[in-house]
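One structure below.
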Amino acid sequence: MKKVLIITGASRGIGLATAQKFAANGYTVYNVARSHAGDGIHHIPVDLTAPDWVARSGDAIRAACEGADQIALIHNAGAIIKDSVLNFDAAEFQRVMAINVTAPAQLTALLLPQMKAGSSVIFVGSTLSEQAVASSLAYVTSKHALLGVMRATSQDLAGTGIHTACVCPGFTDTEMLRAHVGHSGEILAALASAVTFGRLIKPEEIAETLWFCSQNPVLNGAVIHANLGQIQR
């Protein structure tokens, strides 16, 4: 049985841990991203912000899935910026939306003709898919929208045997999070203290959750909160 994982943004963090998890379980893994993910993971170079990325790279992505009995598609790539409605920049807002929302819809539409029953489309959302914080306008908006894309996709795929889910990680110890907080140990400690386990999530824990969702169609249309239990203040 030929099983293929197509995952965006698997060069590091949650994406890399997920690619390794699927590879260890017999999947041929393709990382759709600008950067390589490492040994054992195939790379299809794509800039998801480019308006013509489907025209440029669509054939290569489809070729990777040729003859697959089961395809897992994981929308993991994400962009985050510090912005607010008080300093709105339309170009930056649109760039984040292109990566976090438009590209997942485009890639799903591209691969659906090759996806058989038993395949899955899994979205990596965020705690901020259903909440909001200050100074994250584009990211919050995009993650809310991504959740809507998943729910709409679930309805559109009724009867196909293809299932969807959205995993919403909490504060995960990734390069992106560390860069976003300026590599501040104090801020990272504060984030860890905001969950009941008192620590950041490991990328491998989210990878396990994504794997579970991909293998269990009973979770179709589900929103999975993977956040170690956030403390309500």
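Since every read-out is calculated from the coordinates, none of them should be taken as a lab result. Computed from a prediction, not measured in an experiment: that's the story for all the values here. Note: ideal-geometry Cβ built from the backbone for every residue, glycine included; neighbour counts use all protein chains shown.
For segment 32-104, which chymotrypsin sites (Phe, Trp or Tyr not before Pro) are both in a DSSP coil and crowded by at most 11 other Cβ atoms within 10 Å?
Values: sites: W53, F88, F93; in loops: F88.
When the chymotrypsin sites (Phe, Trp or Tyr not before Pro) of segment 32-104 are filtered for loop state and at most 11 Cβ neighbours within 10 Å, F88 remain.
So what's segment 9-134 giving for Cα Rg divided by 2.2 N^0.38 Å, two decimals?
Expressed relative to 2.2 N^0.38 Å, the Cα Rg reads 1.12.
Taking only the alpha-carbon positions of segment 88-233 and ignoring solvent, what does the Debye formula give for the base-10 log of I(q)/I(0) at q = 0.09, 0.20 Å⁻¹? Log10 of I(q)/I(0), two decimals: -0.31, -1.28. Extension gain, D156 to A192: 0.36 nm times the residue separation minus the Cα-Cα distance gives 9.2 nm. Computed from backbone phi with θ = phi - 60° and the Karplus coefficients 6.51, -1.76 and 1.60, the 3J(HN,Hα) list for segment 27-42 is 8, 7, 10, 10, 8, 9, 5, 6, 10, 5, 9, x, 4, x, 10, 6 Hz; x is used for glycine and proline. With a simple spin-label model that places each label point 7 Å from the Cα along the Cα-to-Cβ direction, the separation between R95 and A109 comes to 2.4 nm. Under a 5 Å amide H cut-off, with hydrogens placed 1.01 Å from N, D83 pairs with S136, L137, A138 among residues at least 5 apart or on other chains. Note on K116 and D47: the extension gain reaches 22.1 nm, defined as 0.36 nm multiplied by sequence separation minus the Cα-Cα distance.
Here segment 1-154 carries DSSP beta bridges of which approximately 0% are antiparallel, counting only pairs with both residues inside. The alpha carbon convex hull volume per residue for segment 127-173 rounds to 72 Å³.
In square nanometres, what is one fourth of the surface area of the convex hull spanned by the alpha carbons of segment 74-172?
Mean orientational projected area (segment 74-172, Cα hull): 6.4 nm².
Taking 7 Å steps out from each Cα toward its Cβ at D39 and K2 produces label points 2.6 nm apart.
Provide C166, C65 in ascending order of the number of other Cβ atoms located within 10 Å of each residue's Cβ, fewest first. Write out the running numbers ahead of the final one.
Numbers: C166 29, C65 21.
Final ranking by Cβ density, sparse to dense: C65, C166.
Put in line by how crowded their Cβ is, counting other Cβ atoms within 10 Å and starting with the fewest, M1, M97 read M1, M97. Distances between placed amide hydrogens fall under 5 Å for H225 paired with C168, all partners being 5 or more residues away or on another chain.
A straight chain from E130 to H183 at 0.36 nm per residue would run longer than the Cα-Cα distance by 16.5 nm.
Per-residue Karplus couplings for segment 66-71, computed as 6.51 cos²θ - 1.76 cosθ + 1.60 with θ equal to phi - 60°, are listed in order as 4, x, 6, 7, 8, 10 Hz, Gly and Pro entered as x.
Take H163, H43, H183 and order them by how many other Cβ atoms sit within 10 Å, fewest up front.
H183, H43, H163
Set the Förster radius R0 to 35 Å, insert the Cβ-Cβ distance between D59 and E175 as r into 1/(1 + (r/R0)^6), and round the FRET efficiency to 0.05. That gives a FRET efficiency of 0.70.
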